[in-house]
Amino acid sequence: MNTRVGVGYDLHRLETGRALRLGGIEVPYERGLAGHSDGDVVLHAIADALLGAAGLEDIGTRYPPGDARYAGIASSELLGGVVADLTKRGWRVVNVDVTIVAEAPKMAPYRSAMREAIGALLGVEGDAIGLKAKTNEGLGAIGRGEAIAVLAVALIDRGET
Ligand code: MG
């Protein structure tokens, strides 16, 4: 077995007038995440963790923010493209572990729906998705509720080549 690990990090600003897309679902909140895509910072961090594990270029290089083809695109499509590429190279996802850093909203009510949505995108059971949320203790931009950041780790494997 050939096993690789990767880490991904992302941060997006919160702004009014946008839906909050997070972990592949819509979370009811007064603001949403800015971004060229739908702003789903959880899926972006996972995509970067997977790309890093496979030794591929990061999501920003793959889907440049200035490229009109990706304006308003669902992040599930971006992550789906990453998973398809890894599958083509013989990789399968073993598990991912995610930490969301956000002052608000509370994530607990949405945790299981996010795990299911992420698992479906990655082709794994929901129990292969670790999902934790914490605040930034009121400190900095995240603590002031101006942004949400996410850290993700992914493990992938494939047979001996
Ligand atoms: Mg991003």
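The values are calculated or read from the model by the stated rules, or taken from the named source; none is laboratory data. Computed from a predicted model, the values in this text were never measured in an experiment. Note: ideal-geometry Cβ built from the backbone for every residue, glycine included; neighbour counts use all protein chains shown. Areas reflect the complete protein model, heavy atoms only, side chains present, ligands, DNA and RNA absent. Shrake-Rupley method; radii C 1.70, N 1.55, O 1.52, S 1.80 Å.
Remark: the chain carries 48 Å² of accessible area per residue (probe radius 1.4 Å; ligands, DNA and RNA excluded). Listed by chain and number, the lysines whose alpha-carbon sits under 21 Å from that of residue 106, ignoring those within fewer than 8 places in the same chain, are 132, 134. Dipole size of region 122-161 about its Cα centre, with +1 on Lys/Arg Cβ and -1 on Asp/Glu Cβ: approximately 220 debye, rounded to the nearest 20. Using a 1.4 angstrom probe on heavy atoms only, work out the carbon and sulfur share of the accessible area of the chain in %. C and S fraction of accessible area: 51 percent. GNM remark for the chain: springs join alpha carbons under 10 Å apart, and the peak mean-square fluctuation among 39, 55, 66 falls on 66. Computed over region 35-161, the alpha-carbon pair-distance distribution with 10 angstrom bins reads 13, 42, 34, 10, 1, each value a whole percent.
Given the options 141, 117, 53, state which has the largest fluctuation in a GNM of the chain using a 10 Å cut-off (strictly under) for Cα springs. In this elastic network of the chain, the residue with the biggest mean-square fluctuation among 141, 117, 53 is 141. So what's the angle, to the nearest 10 degrees on a 0 to 90 scale, between helix 75-88 and the longest Cα principal axis of the chain? Between the helix axis and the principal axis of the chain, the angle is about 10 degrees. Using a cut-off of 13 Å between beta-carbons, work out the net charge of the residues near residue 6 (Lys and Arg +1, Asp and Glu -1, residue 6 not included). So the surrounding residues net to -4.
I'd like the FRET efficiency for residue 13 and residue 89, computed as 1/(1 + (r/R0)^6) with the beta carbon distance as r and R0 of 25 Å, rounded to 0.05.
Values: r = 33 Å, r/R0 = 1.34.
Result of the calculation: an efficiency of 0.15.
Dipole magnitude for the chain: about 60 debye, using +1 per Lys or Arg Cβ and -1 per Asp or Glu Cβ, origin at the Cα centre. For the chain, averaging the sequence separation of C-alpha pairs within contact (under 8 Å, six or more residues apart) and dividing by the residue count gives a relative contact order of 34 percent. Relative to the longest principal axis of the Cα atoms of the chain, the long axis of helix 111-122 makes an angle of roughly 40 degrees.
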